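Data block below; observations after.
The values are calculated or read from the model by the stated rules, or taken from the named source; none is laboratory data. In this text, all values refer to a predicted model and were calculated from it rather than measured experimentally. All Cβ positions, even for glycine, are placed from backbone atoms using ideal geometry, and neighbour counts span all protein chains on display.
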Amino acid sequence: MNASSAPPAGPPTSGSGTPRRPGAHTTATPTSGATTASGATATSGAAADTRLAARTLGVKELVFLIIAASAPLTVLAGGATTSFAVTGDLGVPVGYLVLGAVLIFFAIGYGRMSSFVRNAGAFYAYISTGIGTRLGIGASFLAMAAYNAMQIGLYGIFGFVTASFINDKLGTSLPWWACALAALIVVAVLGVRKVDLSASVLAIIVSLEFLVVLVVSAISVAVAPEGLSAEPFLPEHWLTGSLGTLLAFGIAAFMGFESGAIYSEETKDPQRSVSKATFIAVAIIGGFYALSAWAFAMGVGPSQIIAGSQELGPDLMFAFLGEYVPVMFTDIAFILFVTSIFAALMAFHNAAARYFFSLGRARVLPAWLGHTGARTQAPAAGSLTQSGLAVVFIIVFALAGMGSALGPLFPVLTMFTWLTNTAAFGMVLLLCLTSLAVIGYFRTRTGAHPAFVRLWAPIIATLGLGIIFVLIMLNFDAMIDAEGSPLTWILPGAMVGTGLIGLAWGQYLKSRRPDIYDALAEANIG
């Protein structure tokens, strides 16, 4: 989901021997193979209601869950146009290719490690195992904040675009928060059901999204008013100082690609599914986004795409469609734009709920969070907690927006923009730490793992992600459109602060609750 995308101003008129304590994630030894975090294969005393539904998801379902978080239609309509508008350069497709390449290097070590460490709190488990328990607990707090911020921020844009469309078509005056709360209810219901139901819903939505993007791309290539060319890929359009901004804005389009590991306890083939699904998702996301952004630039015209993006933002895609297809199809595309955002809401909800569950099961957070539904084996307590947080934020922003000078755009320019870009900042930091954790994990487990997989690929990923992290910090004021505002350091500072609180909590557990801490530490020895 591209967190940096501006919303449409309204609907178009034209158109993720000794039994161990439940919650300690376990890792493989060279001879034993991996076990799940719930202890399903290693712990005789684990309570049934602290286990997720095993062998539920295949590679295909995982791919849809991963891609749903990045919202393909929203990326083209909002993310690509925002990048064209802000950078003033044509090299947007190159940005997606570069980011895809960096994340492929990340996926190489990440995917290999997923065969040995399987836990619904993926970042927390990987960093604990590869670097250390206390840092892993700090990372878990950071991950919870990032996933919740991304998910909750999306309610801002979902409420706005849905209310705008309904009000335009029916002549009503529905407030954004009513649509956001309606979506929240649906997300909450799906969140406490078995995960395969969510995967099925998301598979339908994502398939329709791809269909719309393919139609837009096909029309773009067919009409190409200035002819087809490779102009957006030429060095003069991305080696002008704009590449850093392109990467900072573009990384949000990939957020959620790592979420396959969160479902590792629920996969049919834990040793292969996560790795395979992650590679497939990154390849599709990087290649598909680059190709569709190029095609759209050809459809509008390389000389017009920047000015058009700056003038219309996400409405540019719908205005473009309105010139070549019936209004009905444009309306359908807009509805799928809404469902695209809903798919991302669902995907990030699932991820956040599983972090609550994993940390509750490990007793890092209150133990009641670590319980699953008796029939569905979904992380019910974590899911409801995430939904409860979202309700609070929606109410707070609804009250704060009353009488605001920003008018109907208030939830987008504040709730959506602030929270999702802050989440992207935190996620990239987590990816950097995870790459280092891969190196740490395989440092004493060289075995049959090639040096490129266990060392060089993670090093390249760490360097690449570190550069992107710095670029996000340097461009954060532009990303939230708040140059000179205290928010440019308050929001990133709050995200880093959650990680520091986690570190402090880890130290507290080590000193005052060694039973919990030692169980985690023992589980880190594979």
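Are any of the residues in the range 248-264 aliphatic (A, V, I, L, M) and either in contact with a strand residue (DSSP E or B) (Cβ under 9 Å, 6 or more places away or on another chain) or on the phi > 0 side of the Ramachandran plot (or both)?
yes
Could you please let me know if VAL221 is within 30 Å of ASP89 (Cβ to Cβ), of a type outside the set (S, T, N, Q) and crowded, with 18+ Cβ neighbours inside 10 Å?
So VAL221 fails the test.
Taking the criterion of being within 30 Å of SER229 (Cα to Cα) and assigned to a helix (DSSP H, G or I), would at least one residue in the range 338-357 satisfy it?
yes
Just one of (1) modelled with pLDDT of 90 or more; (2) aliphatic (A, V, I, L, M); (3) surrounded by 16 or more Cβ atoms within 10 Å (Cβ to Cβ) trips up ALA362, so point out which.
(1)
Conditions (1) closer than 23 Å to SER83 by Cα; (2) surrounded by 23 or more Cβ atoms within 10 Å (Cβ to Cβ); (3) among the polar types (S, T, N, Q), marked per residue:
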residue: GLY256; (1), (2), (3): yes, yes, no
residue: TYR263; (1), (2), (3): no, yes, no
residue: ARG272; (1), (2), (3): no, no, no
residue: THR278; (1), (2), (3): no, yes, yes
residue: ALA281; (1), (2), (3): yes, yes, no
residue: PHE288; (1), (2), (3): yes, no, no
residue: ALA293; (1), (2), (3): yes, yes, no
residue: PHE296; (1), (2), (3): yes, yes, no
residue: GLY301; (1), (2), (3): yes, no, no
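In the range 207-218, what residues are surrounded by 20 or more Cβ atoms within 10 Å (Cβ to Cβ) and among the aliphatic types (A, V, I, L, M)?
Result: VAL212, VAL213, VAL216.
In the range 372-483, which helices (runs of 4 or more DSSP H) lie fully inside it and hold 3 or more residues that are surrounded by fewer than 16 Cβ atoms within 10 Å (Cβ to Cβ)?
By residue number, 380-400, 457-474.
Would you check if ILE204 is of a type in the set (A, V, I, L, M), in a helix (DSSP H, G or I) and surrounded by 24 or more Cβ atoms within 10 Å (Cβ to Cβ)?
Answer is no for this residue.
Look through the range 66-82, keep the residues that are out of contact with any Pro (no Cβ under 8 Å at 6 or more places or on another chain) and under 16 Å from MET298 (Cα atoms), and return whichever of them is surrounded by the fewest Cβ atoms within 10 Å (Cβ to Cβ).
LEU76
Return the residues of the range 98-109 that are within 16 Å of the chain's Cα centre (by Cα), within 12 Å of THR434 (Cβ to Cβ) and not aliphatic (A, V, I, L, M); say none if nothing qualifies.
If the condition is that a residue be within 16 Å of the chain's Cα centre (by Cα), within 12 Å of THR434 (Cβ to Cβ) and not aliphatic (A, V, I, L, M), then PHE106 is the only one that fits.
Considering only residues that are small (Gly, Ala, Ser), assigned to a helix (DSSP H, G or I) and farther than 16 Å from LYS268 by Cβ, look in the range 111-125 and name the one that is modelled with the highest pLDDT.
Residue satisfying both the conditions and the ranking: GLY111.
Is it true that SER309 is more than 27 Å from SER207 (Cα to Cα) and polar (S, T, N, Q)?
When the stated conditions are applied, SER309 does not pass them.
Within the range 374-401, take every residue that is in contact with a Lys or Arg (Cβ under 7 Å, 6 or more places away or on another chain) and of a type outside the set (A, V, I, L, M, F, W, C) and give me the one that is modelled with the highest pLDDT.
Within the range 374-401, the match that is modelled with the highest pLDDT is GLY382.
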